[in-house]
2 protein chains.
Amino acid sequence: MRIGLDVMGGDYAPSAIIEGAVDMLGGLDNGVAIVLIGDENIITAEIEAHAPPNGNFEIVHASQVIGMGDHPTRAFSEKRDSSIAVGYGMLKKGLIDGFASAGNTGAMLVGASYSVNVIPGIFRPALAALVPGIDGNTSILLDIGINPDTKPDVLLQYGVLGSMYAHYVLGTDNPSVGLINIGEEETKGSSAVRSAYELMNDNPDINFVGNIEGHHLFGGRMPDVIVCDGFVGNVIVKEAEAFYLLCRKRGINDPFFERFNYENIGGTPIIGVNANVVIGHGVSRRKAVKNMLLQTIDVVKADLANKIKDRLQNGKY
Amino acid sequence: MRIGLDVMGGDYAPSAIIEGAVDMLGGLDNGVAIVLIGDENIITAEIEAHAPPNGNFEIVHASQVIGMGDHPTRAFSEKRDSSIAVGYGMLKKGLIDGFASAGNTGAMLVGASYSVNVIPGIFRPALAALVPGIDGNTSILLDIGINPDTKPDVLLQYGVLGSMYAHYVLGTDNPSVGLINIGEEETKGSSAVRSAYELMNDNPDINFVGNIEGHHLFGGRMPDVIVCDGFVGNVIVKEAEAFYLLCRKRGINDPFFERFNYENIGGTPIIGVNANVVIGHGVSRRKAVKNMLLQTIDVVKADLANKIKDRLQNGKY
């Protein structure tokens, strides 16, 4: 298995990215290689500064960088030798099995759609986040920002995609699926969510448990898969970030709240494209990069993109 | 000033409601009276159990109760002698200046629309919540649940109504108004929110400061007024509730996080109807009831409903 890592993307690139990769080296399973993608001179210098003598990376040169503030579509099509474009090119050719970047999120999304493409049958790919539960449980929440206006059939498909992620990547058996709403009754909520409730309730391919509300988040009994449109999901994830920052400001040190620290979470997978791609937080440092790589390995091991493709080809949602 | 209090509504009614009212008695300004609305026998017995000998309440008898699980519209029209219907009747006749209840939220909303009515010119009334900020600041967030599907002109009007609440009730000078979105750029978000951005940005009557994101919530520099649709607002408020419960479960005692305790917040005013109405949390106990009454007094003192009416009659939003 070969995991491509964009060394040039992220607020603390390239040092933090190389540091995170170095931290991975010791614990890598046999047969897993990290491919560093970026400016070869910079990478070599960074490895010399950080890596142990037997640090065994592959390096693929990319002469350009897509900056954090660059216009995603323009940058991706104009900077053909950027680390992001080179990474997607390798992914498309099968030279790497997964690709991780803490760089420009928009460019990563554009690359996913333009380069490896959306899986046929997928209405809209989704960005997903892992949500920590008080009892040590973990749920997957999607979408967290790609699709702010979401139609009912897209919400249903998120339920299916989230169930596949929970099953294949997180190892959850028969994952339960909940729909974010403003009340538990099926008559509550926006028209899109009310229709989605009906579709999800009628669908035998998911284990739909009904509506859930904001106060069920982070609980021990929240569903394994939490579905919402990208607007609501984005606000949920960022409000959790706000709380984590408040805890820090108030000097609260608590192992549970540490699970809200993006550094411990890894990244957000793009679900529904023809390849395994994980996007890290722009402010990722050493530990966050390591966790992003671990998550990418999990997604590749689960062969998630192919599992989704197979399921859609077999006519099942 | 006379404040009507529904003694029969809420999970811990009537005892907790009377207890909260008793706690108010000592600190009441001259000229402020609490009118207890509900079953006279029950109220008399509760007052004997809880109130000091000089406890000076007015009692208005109501023979029926709208239960927490009753169908709002049906219950409000059928139970004409319920404490909620009687309270609204008094409000309409001017026998009380404000009305507070921790009872059936739906029935309180129905009563507001059917009995005292929406102020002409208001598209949709809103429920608002107070949001604590880390620096001791307080913002108002609206809508938090009445309108899950919200059009751009309604969002703009929320900005106006929230500004009036911040100004007249909270005493904030030239309150800043922010729009919840998934990014700071005006091109981000759902189509309704993008249009609302344009309307708000063009409107000289509010101090619009642009989009804010979930991680700006609870910060020292969050805007004084935070506008969103009722779906997003409901999730924001309930997620904050989830966090507060997590803090309690983890044994965290922190004065800032105590501001998230609904008991300390009071209630949620209905903004945009022809009267001053505050709805408390269904699980309100003694302290929450007291704070709900304090908030109702503030809203009445500010004469908020009339200020809104005047402003709309003068052709200003």
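A dipole drawn for chain B from +1 and -1 charges on Cβ atoms has a positive end, and of B:Y12, B:V116, B:A62 the residue lying farthest that way is B:A62. Remark: mean inter-chain Cβ contacts per residue of A:148-157 equal 2, using a 10 Å Cβ-Cβ cutoff to other protein chain atoms. Tell me, rounded to the nearest percent, the portion of alpha carbon pairs in chain A spaced more than 23 Å apart. Of all Cα-Cα pairs in chain A, 55 percent lie more than 23 Å apart. Extending 7 Å from Cα along the Cβ direction at B:L25 and again at B:E186 yields two label points whose distance is 5.7 nm. For B:Q313, inter-copy separations between label points set 7 Å beyond Cα along the Cβ vector come to 7.2 nm, shortest first. Placing a label point 7 Å from Cα along the Cα-to-Cβ axis, B:H61 is separated from the same position in the other copies by 9.5 nm, shortest listed first.
Sorted from nearest, the other copies put their A:N174 label points 6.2 nm away, the label point being 7 Å from Cα in the direction of Cβ. For B:K238, go through the aspartates and glutamates and keep the ones whose alpha-carbon is under 12 Å away, minus same-chain ones fewer than eight residues off. Within reach: A:E213, A:E239.
If r is the Cβ-Cβ distance from B:N41 to B:F123 and R0 is 51 Å, what FRET efficiency results, to the nearest 0.05? Taking R0 as 51 Å, the efficiency between B:N41 and B:F123 is 0.75.
Antiparallel DSSP bridges in segment B:129-261: what percent, to the nearest 5? In segment B:129-261, approximately 25 percent of DSSP beta bridges are antiparallel ones. The modelled label-to-label distance between B:E198 and A:I59, using points 7 Å beyond Cα along the C-beta direction, is 5.1 nm.
Entry note, chain A: the mean residue ellipticity at 222 nm calculated from DSSP H runs of n ≥ 4, each adding -39500 (n - 2.57), is -12000 deg cm²/dmol after division by the residues and rounding to the nearest 500. Using the Cβ of A:A192 as centre and a radius below 15 Å, the other residues enclosed give a net charge of -3, where K and R count +1 and D and E count -1.
With a 10 Å cut-off around each Cβ of B:225-234, the average count of Cβ atoms from other chains is 4.
In a fully extended conformation the segment linking B:K92 and B:K151 would gain 18.3 nm over its present Cα-Cα distance, using 0.36 nm per residue.
Expressed to the nearest 5 percent, the antiparallel share of DSSP beta bridges inside the protein assembly as shown is 30 percent. Measuring against 26 Å, Cα to Cα, the residue pairs B:K93/B:K307; A:K151/A:K287; A:K79/B:K188; A:K151/A:K307 contain A:K151/A:K287 as the ones spanning a longer distance. The alpha-carbon of A:K309 sits under 16 angstrom from the alpha-carbons of these aspartates and glutamates, leaving out residues fewer than 8 places away in its chain: A:D97, A:D205.
A short reminder: the numbers here are calculations on the coordinates, not readings from a lab. Keep in mind it's a predicted model, so treat the numbers as computed, not measured. Using ideal geometry, Cβ is built from the backbone for each residue, glycine included, and neighbour counts are taken over all protein chains shown.
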